[in-house]
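Everything on this sheet refers to the single structure shown next.
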């Protein structure tokens, strides 16, 4: 992938990711998150992970974000009014987040492996859906079925939580 | 050419953005979206490592992509349960502001 496309998509993703937490209006935050996920899907495809990129668009930008928007509109949330901010908690949280970022960047800049470029693939055709599927239904068959049970439990749990009164 | 470090840097910045969102915002739904940002930052670094370390056949290491698939599945289930909890909380308290939800506070 040409490097300017990488920086374009990475920049779009980071700007809209920051807008998610800057926006006061929850609907604007959710729509920024959609754009952020689309940029992330483009980055996945630049890493030759086409299957994961498609899944990202379908599951995250499609299903999950529709769920978010649905709940925001169901609860009829307005842009939150300005409250008196707890400045000690705000600066504390900001300092912790910035120090985490500085630590991550320091580790990356000291790692020798991070300075290498990506090795070329053996063939431009990766067949990644086939390869991921073979692993998923072969070596990772048990975790795959456990995930199925997890989704079943989550579905039952959501229905129980959504009932008005439990008997 | 883009290096592995570029992808890891972008992933680290995205994680820090999500982390600061969890710490700084007071709206439960925004906190939830920031959690999704952090999960996706982890996914990005996993996929970058999968492309970086090729297998013997010269193809990316697909174990990491299977893990990303599992993370996306678990995250989708987590969003469903979390939003159901938020709706139940809103019914009981008429608020999504974390500072108004302090019954368990000592």
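The values are calculated or read from the model by the stated rules, or taken from the named source; none is laboratory data. This structure is a prediction, so every number in the text was calculated from the model and none was measured. No Cβ is skipped: glycine too gets one built from the backbone with ideal geometry, and neighbour counts run over all protein chains shown.
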Counting only residues that are touching a residue at least 40 places away in the same chain (Cβ under 8 Å) and assigned to a helix (DSSP H, G or I), which one in segment A:53-92 is farthest from the chain's Cα centre (by Cα)?
A:73
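This table checks each residue for (1) crowded, with 21+ Cβ neighbours inside 10 Å; (2) in contact (Cβ under 8 Å) with a residue 40 or more places away in the chain.
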| residue | (1), (2) |
| --- | --- |
| B:5 | no, no |
| B:11 | yes, no |
| B:16 | yes, no |
| B:22 | no, no |
| B:26 | no, yes |
| B:37 | yes, no |
| B:54 | no, no |
| B:57 | no, no |
| B:62 | yes, no |
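Looking only at segment A:144-154, count every residue that is exposed (fewer than 13 other Cβ atoms within 10 Å of the Cβ) and at the interface with chain B (Cβ under 10 Å from one of its Cβ atoms) and tell me the total. Full working, then the answer.
Of all residues in segment A:144-154, those exposed (fewer than 13 other Cβ atoms within 10 Å of the Cβ) come to A:145-146, A:148-149, A:152-153.
Still in the list and also at the interface with chain B (Cβ under 10 Å from one of its Cβ atoms): A:146, A:148, A:152-153.
Adding up the residues that qualify gives 4.
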Is segment B:36-47 home to any residue that is at the interface with chain A (Cβ under 7 Å from one of its Cβ atoms) and more than 26 Å from residue A:29 (Cβ to Cβ)?
no
Within segment A:125-140, how many residues are in a helix (DSSP H, G or I) and within 13 Å of residue B:63 (Cβ to Cβ)?
6
Selected residue [over 25 Å from residue A:31 (Cα atoms), modelled with pLDDT of 90 or more and either surrounded by fewer than 16 Cβ atoms within 10 Å (Cβ to Cβ) or more than 7 Å from every other protein chain (Cβ to nearest Cβ) (or both)] from A:57, A:88, A:66, A:96
A:96
Somewhere in segment A:123-140, is a residue surrounded by fewer than 15 Cβ atoms within 10 Å (Cβ to Cβ), over 22 Å from residue B:96 (Cα atoms) and in contact (Cβ under 8 Å) with a residue 12 or more places away in the chain?
yes
